[in-house]
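Structure, as C-alpha cells:
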Amino acid sequence: MAIVPGSGDAPAQYTLRAGEARLDLNARLGQSLALRHTGAIACTHCGRATKKSFAQGYCYPCFKKLAQCDTCIVKPETCHFDAGTCREPEWAERHCFQPHVVYLANSSGLKVGITRATQMPTRWLDQGAIQALPIMEVDTRQQSGFVEMLFKEQVADRTNWRAMLKGEVEPLDLIAERDRLMASLDSGLAGLRERFGADSLRPLDAAALHFDYPVLEHPQKIVSHNFDKQPEVAGTLLGLKGQYLLLDTGVINLRKFTGYEVRVA
Ligand SMILES: [Zn+2]
C-alpha cells in the first residue's frame, strides 16, 4: 500500500497495489471492500514462495541472510559493521552509512524516531502520525540510534496503535517539545559530539508538518482482522490511517501482511 501526503487541505492519498492493478482506496471510502488472501505468500526480497512470512514479508533464508533483517536495523546502536560482521557490507554502505534524521512525531502522543532522510515523509504516514518535526541530522544509522537512545530516557519510541486508530490524539507543540528536550538532554548530546565529532549531530531548524487521514469514522472498539486466521476480510471502508484499513467489521494492518497474495473486490 502506497501512501502520499495530500496536497493543500486534502488528506493522505492511499493506493493499494494488487498485482498489476492500482486501487484508489480514498475513492472507496463509505463503500464495501473485500480482500481475500489466496494462501500464497511471496518473499518481498527474492520472490520465492514461502509458507510463512518472517519480519513482515521475507522468506526464512532471506530473513537469516539479509542485513535489513538483522536486529541492528531495529536497534541501530548495536551496529556491528566495525567488527567486520555485517551481513551485507555493501548494502550497509548504501543504507546505514547515509544521512539519518532524528524526529519527533505525534502518532498517539509524543514519540521519537529515526529514519533515512530519503524516507520522509513516508515514515510518518506509515505510523499514522498527525504531526512530525525533524530535529537533527547525523551521518549514520548507528549515530541516529545513539541519539534516539538518549531521547528515549524522556520520550516514547512506540506508537500505541489502538489510541492512534481511535483518533484520540491531541495536537502538540512539537517545536516547544523539541526545545525542552534539547535543553534537558544537553549534556548527553555533548557526550555524543565528543565521541563522533563536533559536527556529527546537526540540529535542524525545520517547520513542523501536519498530516490528515481519510477517515469517515474512527472505531470505538478495536477488533483486528488477520489473514492467517481468516482469509476473507470484508466490510464497509470507514477510514485509512497509518498502514491500517478501518472497516466497520474491524481493522487490518496491511504492512503486517506484505507479500500476501490478495484478491480485491
Ligand atoms: Zn526471500
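Do we have any residue at all in segment 39-50 that's more than 30 Å from Asp248 (Cβ to Cβ) and among the β-branched types (Val, Ile, Thr)? Taking every residue of segment 39-50 in turn, at least one turns out to be more than 30 Å from Asp248 (Cβ to Cβ) and among the β-branched types (Val, Ile, Thr).
One line per residue, one yes/no per condition, for (1) closer than 30 Å to Lys166 by Cβ; (2) within 16 Å of the ligand (Cβ to nearest atom); (3) open to solvent by less than 40 Å² (accessible area, probe 1.4 Å); (4) in a strand (DSSP E or B):
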position	(1), (2), (3), (4)
Gly8	yes, no, no, no
Gly30	yes, no, no, no
Leu33	yes, no, yes, yes
Gly39	no, no, no, yes
His45	no, yes, no, no
Arg94	no, no, no, no
Val102	yes, no, yes, yes
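Of the residues Arg87, Arg28, Arg22, Arg36, the single one that is among the charged types (D, E, K, R), touching an Asp or Glu at 6+ places or on another chain (Cβ under 9 Å) and closer than 24 Å to Ile252 by Cα is Arg36. Given the criteria in contact with a His (Cβ under 7 Å, 6 or more places away or on another chain), open to solvent by less than 40 Å² (accessible area, probe 1.4 Å) and more than 12 Å from the ligand (Cβ to nearest atom), does Cys72 qualify? The answer is yes for Cys72.
The values are calculated or read from the model by the stated rules, or taken from the named source; none is laboratory data. This one's a predicted model, so the numbers in the text were calculated from it and none came from an experiment. Please note: Cβ atoms are built from the backbone with ideal geometry, for glycine as well, and neighbour counts cover all protein chains shown. The area values use the complete protein model at the heavy-atom level, side chains included, leaving out ligands, DNA and RNA. Shrake-Rupley method; radii C 1.70, N 1.55, O 1.52, S 1.80 Å.
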